[in-house]
1. In the stretch A:142-162, which residues are away from every other protein chain (no Cβ under 13 Å), more than 18 Å from A:Y210 (Cα to Cα) and surrounded by fewer than 22 Cβ atoms within 10 Å (Cβ to Cβ)?
2. Return the total of residues in the stretch A:40-70 being among the β-branched types (V, I, T), modelled with pLDDT of 85 or more and under 18 Å from B:A87 (Cβ atoms).
3. Name the one entry in B:V85, B:V62, B:V102 that is at pLDDT below 90 and either of a type in the set (S, T, N, Q) or within 30 Å of A:A151 (Cβ to Cβ) (or both).
4. A:T141: assigned to a strand (DSSP E or B) and under 30 Å from A:G191 (Cβ atoms), yes or no?
5. Quick one: count up the residues across the stretch A:187-231 that are within 14 Å of chain B (Cβ to nearest Cβ) and in a loop (DSSP other than H, G, I, E, B).
Amino acid sequence: MASSSDLTPSAGNTPDPVSGQESGTVPEAVATTGRGRVRLRRAAVLAVPAAAVTAGLAILTAQGALGVQFAISGMPFTVTATELDGNGFAQFGGLDNMAEGSPNAGDTGGQVLVVTSVIKEAELTKLCQSVDLGGTNLLITAGGGTTRVSAKDLTTDSTELSGDAAFDNIEIGNDASTLDKAGPKGRGPIGVFSQQADTVHIKNLRQTNYATTAGVFKLPGLKMRFSGSGC
Amino acid sequence: MPGDRRRGLRAAFRDWRSGRPFWGGLLLALAGAEVLLTMKASLKVVLHVGMQGVAGYLLPVVMLLCGLLVLVNPSQRLFYSLIGVLASLGTWVTSNLGGFVVGLLLGCTGSCLVFGWLPDQESRRDRRRRRKAARVARTAPPPLERGAGEAA
């Protein structure tokens, strides 16, 4: 059995029903029921450091020192940002499949036509992400302060994308399998329309996404909360 | 007749439950499932991102397995609970902030419950009564009364 972290005098660290050392005055109370129980002090030995590490992770993330990976889907969610600057941009069409028998499928046959955008290095100001959970929204905001949100290999599958965009060295109409400006991640299936650019700047970005993934996502000034309204 | 059988089943389940850190293991397994649920991005996109995307699936699966193993094999609970708490903390980085915090908290709580669980404990009421008796005996132990207590 493990270390005797439980300090109560009557702590039975071993299952044998030997009477507590000091409580010999009440010997009849010693009979055990044969059931296991959680001893709170023992649990606290693990709970205290776990809580400390959780708090540490949250603080590091909020300061932007620790990157976080996102990958959610199945439900559409909205992403907005006042400004997006990216290096290495690629965009192509694709088809996302939902899990078989997904309740979100509706009459779409479980498939969603999406535009996949890949940005090799992206920086965003005032990022806001919201998921409609039916009645309430899970709202995540970050990058409102001086440090911006940064992401590597940011991949989004969107059904809607709007904003004021400016591109440098854009090439439109490439075959998606020949793209090279967004690195190895920014390459699509053969025979699909695509476009790519060296840099991209978008103001007042608004996306409806089915999936977002990023190699690393740094979220300074992270805030997560439930809210009645989305982004 | 069917009622008897159901009662028998329920009693058997209670016995089975009392021999293992049931709630801790269940919470840990549920936490893994919850994180996995929030991760259901299309596999194509995840493979796109590579190793880090796969880690996002790996950790919740480890949580789920640890939770189930705690129930199946309670004698190894310390090991499983430690792996479980580490995996839960890791999901903060790899899997949507630990399934939007919910899975992380459930997983840590479950692991702590498993860690703190001990077999063959007397019931809480008995323990409280015994502790109180011990305290009384310690604070005011006139030799006469103590002798009486021991005789009882």
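1. Kept after step one, since they are away from every other protein chain (no Cβ under 13 Å), are these residues of the stretch A:142-162: A:143-150, A:159-162.
Filter once more, keeping what is more than 18 Å from A:Y210 (Cα to Cα): A:143-150.
A:G144, A:G145, A:T146, A:T147, A:S150 - these are the residues of the stretch A:142-162 that are away from every other protein chain (no Cβ under 13 Å), more than 18 Å from A:Y210 (Cα to Cα) and surrounded by fewer than 22 Cβ atoms within 10 Å (Cβ to Cβ).
2. From the stretch A:40-70, those among the β-branched types (V, I, T) are A:45, A:48, A:53-54, A:59, A:61, A:68; that's our starting set.
Next cut, modelled with pLDDT of 85 or more only: A:45, A:48, A:53-54, A:59.
With under 18 Å from B:A87 (Cβ atoms) added as a condition, the list becomes A:53-54.
So the answer is 2.
3. Numbers: B:V85 fails: at pLDDT below 90; B:V62 fails: at pLDDT below 90.
Residue meeting the stated conditions: B:V102.
4. Numbers: assigned to a strand (DSSP E or B): yes; under 30 Å from A:G191 (Cβ atoms): no.
Spelling it out, it is not the case that A:T141 is assigned to a strand (DSSP E or B) and under 30 Å from A:G191 (Cβ atoms).
5. Residues of the stretch A:187-231 within 14 Å of chain B (Cβ to nearest Cβ): A:187-189, A:192, A:209-219, A:222-227.
Then drop every residue that is not in a loop (DSSP other than H, G, I, E, B), which leaves A:187-189, A:192, A:214-215, A:219, A:222.
So the count comes out to 8.
Every residue, every condition in (1) outside the structural domain of B:A55 (by TED's automatic domain parsing); (2) within 13 Å of the chain's Cα centre (by Cα); (3) within 20 Å of A:I59 (Cβ to Cβ), yes or no:
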| residue | (1), (2), (3) |
| --- | --- |
| B:V72 | no, yes, no |
| B:Q76 | no, yes, no |
| B:L82 | no, yes, no |
| B:V93 | no, no, yes |
| B:F100 | no, no, yes |
| B:L105 | no, yes, yes |
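The values are calculated or read from the model by the stated rules, or taken from the named source; none is laboratory data. Only a predicted model underlies this, so the values are computations on that prediction, with no experimental measurement involved. Reconstructed Cβ throughout: ideal geometry from the backbone, glycine too, with neighbour counts over all protein chains shown.
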